[in-house]
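Participant: The structure that follows is given in the form of structure tokens.
The values are calculated or read from the model by the stated rules, or taken from the named source; none is laboratory data. Predicted model, so just to flag it, every value in this text is computed and none were measured. Because the Cβ atoms are built from the backbone with ideal geometry, glycine has one as well, and the counts that use them run over all protein chains shown. Quick note on the areas: whole protein, heavy atoms, side chains included, nothing else; ligands and nucleic acids left out. Shrake-Rupley method; radii C 1.70, N 1.55, O 1.52, S 1.80 Å.
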Amino acid sequence: MKTKFTAVAAMALLGCGMAMAQSNDVETRALHDEMQRSLKDLHLDAHPQPYFIAYKIVDVEQMEARASFGALTNSGVNRSRILSVDVRIGDYNFDSSNYVNRSAGLGSLFGAISNVTNLILPVDDSYEELRRKIWLATDSAYKKAVEDYSGKKAALAARGRDEESTPDFSKAEAREESDLLPPVAMDMAHAEALVKATSAMFRNLPEGETSSAVFAVTSTTEHFLNSEGTSYTKRIPEVSFRATASLQNPTGETFSDSVSEYGHALSDMPDDAKLSAEVKAVDEQLTARLKGKVARRYNGPVLMEGQAAAVLFARDFANQLSSNAQAGTAASLISSMLAAPTSSMINKVGTRVLPDFLSVENNPLLTQSDGHALLGSYKFDEEGIPAQETVLVKDGILKTLLSSRKPARGIHASTGSMREKGVAPGNLIVDSSKGATRDELKQQLVALIGQRSLEYGYIVRRLSGNAAVEAVRVFPDGREELVRDARIAAVNTASFKDVLAASKDRTVYTDVAAGSSLLGAALGGTGDLTTYVVPDMLFEDMEVEHVTNSTPKLPVVPSPLSGQ
């Protein structure tokens with residue numbers, strides 16, 4: 001067995017080794033040299049050698065300028081380098097992954113689920129120290145794999161193999177990939193001036209509590225190599241601007257709002273005048289909400305417009321389109337010795353999950369849609385699998401789910417969707433076969449209000465989480481009334497079957513990809529971008545409720561900025 005493994009692995013690595021030899025990159029050399037040594041010598045007593053090893057080094061350099069109420073609070077450059085090691089014992093059908101030992105505490109839960117060992121590396125290009133760190137991480141990952149493999153076999157022997165069990169890992173052809181976007185040179189002085197000027201605009205807020213403006217350029221470079229012969233190098237810069245503010249009214253209610261812009265180059269970003277205009281709009285919206293009527297509990301038709309429709313779809317539907325999205329809790333995972341997160345949608349493949357006029361596809365290969373750039377585009381995923389178009393929902397019927405190389409029941413091949421924080425879409429596009437205009441959707445909402453003899457209905461135009469940062473009551477005569485402190489309650493994937501109509505025009509909304517698992521959520525920080533292209537949606541029934549607020553009352557003495 002040992003001789004066969006070593007020979008096959010050596011053949012698989014021969015091609016990528018020749019390509020790597022063309023590069024004098026110290027990280028590439030360190031990964032390649034330690035991989036060869038591990039494939040040859042890594043074994044422990046009578047335990048088998050690994051059948052699969054993967055290394056990834058992620059270099060991150062972030063330049064950031066941050067200000068609050070016109071004062072610079074942070075400006076500088078941070079750099080980090082992290083190694084990820086995946087070592088698997090067994091074979092593709094049954095290996096050491098997806099197992100949590102009962103004795104494992106919460107602190108080791110995420111590592112157990114992900115099967116990956118992470119280690120901070122020095123940022124100096126020291127070949128010797130990189131080799132030493134890779135060696136130590138490989139040793140640790142191998143020993144854990146040996147322990148998990150034995151424990152998993154014992155657990156399955158005790159309870160019996162599930163007849164519907166799927167392989168633990170899928171096979172993939174060896175590939176050599178490269179995706180090096182141009183580096184972004186950030187003018188720190190200009191960025192500092194921008195965040196100071198935009199954050200100062202919030203000084204006009206009555207009783208402004210907090211404000212922040214951040215401009216950042218994050219350059220992430222990855223080097224990947226696995227024992228099958230796949231290797232890649234990619235550099236994906238991310239440029240971002242975010243401004244946030246909050247205020248408190250005399251009754252103690254707190255309001256917050258924000259604006260975000262993303263790009264892969266400075267040319268993707270709005271100019272300073274446009275950013276300033278967006279910040280001014282946030283300022284004006286926060287001030288207007290002070291005069292809004294207090295939300296009351298409501299159950300009835302709701303029209304989700306623009307950004308609100310996109311955020312709701314991303315948060316409460318798209319986040320379950322991964323084959324291993326975890327809907328459970330940490331406690332439920334710890335209670336199980338065999339942890340293989342499975343999406344709540346896996347049992348709905350082949351059934352209706354949306355109305356028959358809506359379809360959904362993920363297409364990371366697209367770069368433009370509806371006149372906007374799609375920032376969730378990529379050539380290959382974190383496992384080196386090529387990006388591909390995937391039809392997820394066709395005419396309301398769920399066809400499949402996004403997947404990685406970890407198979408799920410009925411989904412054995414990767415869709416090239418493994419991203420930094422787990423399986424997630426790149427560009428998720430919702431298409432309506434019978435779209436209406438925005439005015440027509442409002443007319444349908446007003447008609448429903450009359451049919452049900454309701455006092456009013458709701459239009460939600462902007463969301464932050466489930467909080468409606470811009471919402472209005474709509475009365476039977478079409479009149480609108482601004483509402484404050486409203487939030488959307490009790491929405492899940494099943495709620496989207498109640499969409500009555502959708503618009504022709506769609507909103508293009510970009511956000512940092514959320515983790516599709518507990519591991520992804522734990523990582524936090526920045527991540528890959530996902531772009532959603534979503535029409536307005538009229539829901540037949542939705543619950544809107546008032547946000548209870550226990551925030552302390554305003555300070556006795558007003559803010560020193562309030563009179564300026």
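Participant: Just subtract the alpha-carbon distance of V123 and R235 from 0.36 nm times their residue separation and send over the number in nm, one decimal. Mind dumping the intermediate values first?
Facilitator: Working: separation 112, 0.36 × 112 = 40.32 nm, distance 1.65 nm.
Length gained, V123 through R235: 38.7 nm.
Participant: Hey, with R₀ at 56 Å, roughly what FRET efficiency would S75 and R296 work out to, going by the Cβ-Cβ distance, to 0.05? Numbers along the way, then the final one.
Facilitator: Values: r = 45 Å, r/R0 = 0.81.
With a Förster radius of 56 Å, E is 0.80.
Participant: Sticking with this one: Please tell me which of these pairs span more than 22 angstrom C-alpha to C-alpha: K56/K133; K40/K379; K196/K280?
Facilitator: Numbers: K56/K133 13 Å; K40/K379 32 Å; K196/K280 14 Å.
Among K56/K133; K40/K379; K196/K280, the Cα-Cα distance tops 22 Å for K40/K379.
Participant: If you don't mind, another one. Take the Cβ-Cβ distance between A288 and A197 as r, set R0 to 22 Å, and report the resulting FRET efficiency rounded to the nearest 0.05. Let's see the in-between values first.
Facilitator: Details: r = 23 Å, r/R0 = 1.03.
About 0.45, to the nearest 0.05.
Participant: Using alpha carbon centroids, what distance separates the range 419-475 and the range 17-96, in Å?
Facilitator: That distance is 43 Å.
Participant: Say each of A281 and E440 gets a label point 7 Å from the Cα, pointing the same way as Cα to Cβ; how far apart are those two points in nm?
Facilitator: The modelled label-to-label distance comes out at 2.5 nm.
Participant: Report the full-extension gain for the segment T367 to L181: residue separation times 0.36 nm, less the Cα-Cα distance, to one decimal in nm. Intermediate values should be presented prior to the final figure.
Facilitator: Details: separation 186, 0.36 × 186 = 66.96 nm, distance 1.40 nm.
In short, 65.6 nm is gained.
Participant: Taking the range 379-484 as the region of interest, what is the percent of Cα-Cα pairs per 10 angstrom bin, listed from the shortest bin to the one with the maximum distance?
Facilitator: Final binned percentages: 13, 26, 23, 20, 16, 2.
Participant: Pop a pseudo-label 7 angstrom from the Cα along the beta-carbon direction at both A157 and S256 and give the gap in nm to one decimal.
Facilitator: Reported label-point gap for A157 and S256 is 5.2 nm.
Participant: Within the range 184-232, what whole-number % of the accessible surface is contributed by carbon and sulfur, with the 1.4 Å probe and all protein chains included in the calculation?
Facilitator: On the way: 830 of 1570 Å².
Reported share for carbon and sulfur atoms: 53 percent.
Participant: Bins of 5 Å, beginning at zero and ending with the bin holding the largest distance: percent of Cα pairs per bin for the range 118-159, please.
Facilitator: That works out to 5, 21, 19, 14, 11, 9, 9, 6, 4, 2, in percent per bin.
Participant: What do you get for trypsin sites (Lys or Arg not before Pro) in the range 412-470 restricted to DSSP loop and a cutoff of at most 12 other Cβ within 10 Å of the site's Cβ? Kindly include the intermediate steps, with their values, before the conclusion.
Facilitator: Working: sites: R419, K421, K434, R438, K442, R452, R461, R462; in loops: K421, K434, R452.
Within the range 412-470, the qualifying trypsin sites (Lys or Arg not before Pro) (loop, at most 12 other Cβ atoms within 10 Å) are K434, R452.
Participant: Among the aspartates and glutamates, which fall within straight-line cross-link reach of K171, defined as a Cα-Cα distance under 12 Å, with same-chain neighbours fewer than 8 residues apart omitted?
Facilitator: D91, E228, E383
Participant: Now, a different point. If I model a spin label as a point 7 Å beyond the Cα along the Cα-Cβ vector, how far apart are those points for Q36 and R352 in nm?
Facilitator: 6.1 nm
Participant: Let me check I've understood the local charge: for L401, count other residues with C-beta under 13 angstrom from its C-beta, Lys and Arg +1, Asp and Glu -1. What total comes out? Can you show the working numbers first?
Facilitator: Values: positive: K348, K399, K406, R409; negative: E361.
Summing Lys and Arg as +1 and Asp and Glu as -1 gives +3.
Participant: While we're here: Tell me the net charge near G426. Cut-off is 9 Å between Cβ atoms, G426 excluded, with +1 for each Lys or Arg and -1 for each Asp or Glu.
Facilitator: Values: positive: R419; negative: D381, D528.
My count for the surroundings of G426 gives -1.
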